[in-house]
Each structure stands twice: as C-alpha cells, then as structure tokens.
Amino acid sequence: MKEQKCSQCGHWNKNAILCEVCENPLTADGLNIAYQKKIIKEDKEKKESKFFIFLEKMKSSNNILVKGTYYVLFSIWSVYMFFVSIIVFIAAATPG
C-alpha cells in the first residue's frame with residue numbers, strides 16, 4: 001500500500017487520488033479530475049452572449065423572412081470560412 005501525505009492538510013492517505021479530508025489532488029490523475037470539475041463548474045456559470053441568443057432566436061423564428069435571412073447569412077459565412085481555410089492551408093503548405 002502506498003501512503004501519501006496531503007500537502008494542504010497533512011492527512012495521510014492510502015492509495016488515494018484525492019485527499020480523503022480536503023479533496024486536494026495527490027496525483028496527476030487527481031489534478032486532472034480537479035481540473036475537469038473546475039471547467040464543468042465554470043461552464044455552468046457562464047452566460048451565453050446576447051449575439052448567440054439573437055442567432056438562436058433567428059434560427060427558430062416562425063417568420064420565414066427572419067429564418068431565411070439567418071440561413072443566407074450562415075451560407076455566406078460558411079463560404080467565406082471555406083476560402084479562408086484554403087488560403088491558410090496553402091500558406092502553411094508552401095514553406096514545407
């Protein structure tokens with residue numbers, strides 16, 4: 001059995017990833033778990049921007065003109081990003 005002393009509270013833990021008392025990470029796996037919990041917590045607290053809420057309302061609108069405007073703008077943006085990605089690919093491929 002492997003025992004580790006917690007650097008935060010000083011409690012000795014047997015074969016643990018997190019401290020049994022304060023849940024401080026003791027191993028690399030424990031750090032990963034703590035980091036994942038932190039990211040999940042931040043994602044739950046994050047508010048969506050007003051722009052994305054506006055786009056979602058346009059996309060799910062009952063008005064055919066509003067929905068059509070959304071799809072036209074989305075199509076233009078998709079074509080633009082396609083050409084930008086081709087240019088970036090060519091620029092990255094030329095040196096090597």
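The values are calculated or read from the model by the stated rules, or taken from the named source; none is laboratory data. None of the values given here were measured: they were computed from a predicted structure. Counting neighbours? That spans all protein chains shown, and the Cβs are built from the backbone with ideal geometry, glycine included.
Numbers at a glance
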item	result
Selection count, segment 1-43, where residues are of a type outside the set (D, E, K, R), without any contact (Cβ under 8 Å) to a residue 12 or more places away in the chain and loosely packed, with under 13 Cβ neighbours inside 10 Å	8
Any pair with Cβ under 6 angstrom, 6 or more apart, that starts in segment 45-63 at a residue that is closer than 13 Å to PHE74 by Cα and ends at one that is of a type in the set (A, V, I, L, M, F, W, C) and modelled with pLDDT of 90 or more	MET58/VAL66
Residue match in segment 44-63 (condition: out of contact with any His (no Cβ under 7 Å at 6 or more places or on another chain), within 30 Å of GLU3 (Cβ to Cβ) and exposed (fewer than 11 other Cβ atoms within 10 Å of the Cβ))	no
